[in-house]
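Every number in this text was worked out from the coordinates using simple rules, so none of it is lab data. These numbers come from a predicted model, not from an experiment. Counting neighbours? That spans all protein chains shown, and the Cβs are built from the backbone with ideal geometry, glycine included.
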């Protein structure tokens with residue numbers, strides 16, 4: 001065993017597949033003992049979320065998320081029980097009563113070195129990280145917490161977390177710039193893809209379709225441009241795959257709406273698709289969003305029509321970037337006639353960001369931090 005890696009995650013294991021899942025699985029495959037801590041509560045749940053909370057309390061992690069994902073071999077799932085970190089009183093109770101129990105569970109039978117990758121800048125996550133007494137610590141920033149429309153509750157401590165760890169990984173230029181103010185050792189690290197899996201979705205029709213089939217997969221919520229998706233449904237065929245977190249009204253009758261599926265089932269649902277869509281609303285939060293699915297889409301080879309995501313401008317030569325409904329609809333029609341070279345370039349970009357290459361990078365960062373922490377050799381006078 002190479003050591004124990006604790007993920008203090010911002011998503012449940014049984015959620016649509018995210019970067020934490022890929023890293024946890026990849027490190028387990030490399031021989032690490034991986035312990036995946038599901039999200040510490042950020043707020044009091046709404047009535048509609050009580051089923052998820054009950055699933056956590058009774059130890060049924062499958063019902064705590066919204067999409068079953070098979071647990072990767074070598075990954076242990078930890079569903080913590082503690083109070084939402086929403087006030088000084090609750091934070092104090094967490095630190096005194098609940099966090100020590102979680103830390104004891106995580107340290108039990110852990111092998112050295114003990115490494116923590118923290119995704120969640122909450123007081124409880126900082127306390128848990130400190131009580132674990134790790135040999136190396138990393139903050140992986142994949143969210144602009146102060147502008148998150150789902151979780152902006154005012155009690156995040158991102159600057160404190162960035163300053164407390166040995167290295168910060170960031171996924172977008174906006175997140176990099178913010179963390180570089182608080183920490184010296186900040187890395188810009190791109191997302192990853194299981195290239196072999198998403199290659200199964202590759203399919204080139206003999207002739208460009210008269211009415212292309214478009215697809216969006218991922219969370220269908222307030223960050224997605226619902227008006228744009230609705231307009232697409234009335235011009236082209238549309239397939240939506242993922243959890244719905246906002247009302248969907250006025251879509252064309254033939255719109256396919258498929259609930260979230262395990263990652264391994266996605267390629268088959270994408271194989272007959274002609275154009276992949278990434279329509280997001282323009283917002284301060286979305287300026288820093290780098291979609292976890294970006295290289296998954298590229299690995300399919302299919303054209304991608306995008307709006308609202310500033311961070312994706314670095315891939316402008318591989319995508320169809322749009323402003324406004326009319327341009328978005330026009331680019332879909334244009335995309336199905338693109339030259340083969342553009343498809344090949346997308347696939348090459350995905351291959352350059354494979355799971356294997358990124359786990360190589362992560363292991364190198366582990367070595368850098370652990371070596372830097374070693375005491376300097378004492379020389380004889």
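Summary table below
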| quantity | calculated |
| --- | --- |
| Average Cα contact separation per residue, the chain, under 8 Å, 6 or more apart, as relative contact order % | 15 |
| Relative contact order computed over segment 223-350 (Cα-Cα under 8 Å; 6+ residues apart), in percent | 23 |
| Label point 7 Å beyond Cα of residue 222 along Cβ direction - residues of segment 249-288 with amide nitrogen under 19 Å | 249, 279-288 |
| Global form of segment 195-351, assessed from the alpha-carbon gyration tensor, a/c cut-off 1.5 | rounded |
| Rounded to 5, the percent of DSSP beta bridges in segment 195-351 classed as antiparallel | 5 |
| Neighbour-count ranking [beta-carbon atoms within 10 angstrom, fewest first] of 128, 229 | 229, 128 |
| Nitroxide proxy distance, nm - points 7 Å out along Cα→Cβ at residue 101 and residue 244 | 3.8 |
| Between 0 and 90°, nearest 10: helix 19-29 axis offset from the chain longest Cα axis | 60 |
| On Cα atoms only, tilt of 123-132 relative to the major axis of the chain in degrees | 50 |
| Label point at residue 147 placed 7 Å out along Cα→Cβ; residues across segment 307-346 whose backbone nitrogen lies under 17 Å | 307-314 |
| Among 262, 209, 121: highest mean-square fluctuation, GNM of the chain, C-alpha pairs under 10 Å | 209 |
| 0 to 90° range, to nearest 10: angle between helix 325-335 axis and the chain longest Cα axis | 80 |
| Candidate values (i) 154; (ii) 341; (iii) 166, label of the one derived for volume of the Cα convex hull per residue in Å³ | (i) |
| Extension reserve of the residue 87-residue 112 stretch, reckoned as 0.36 nm per residue once the Cα distance is removed | 5.5 nm |
| For segment 260-321 versus segment 351-367, the gap between their alpha-carbon centres in whole angstrom | 22 |
| Proxy reagent accessibility, fewest Cβ within 10 Å first, across 125, 307 | 307, 125 |
| Virtual spin-label span in nm between residue 317 and residue 200, 7 Å along Cα→Cβ | 3.2 |
| Top of 181, 142, 306 by mean-square fluctuation, Gaussian network on the chain, Cα under 10 Å | 181 |
| FRET efficiency, 1/(1 + (r/R0)^6) with R0 45 Å, evaluated for residue 334 and residue 364 via beta carbons | 0.65 |
| Helix-only CD estimate at 222 nm, as mean residue ellipticity for the chain, using -39500 (n - 2.57) per DSSP H run (n ≥ 4) | -9500 deg cm²/dmol |
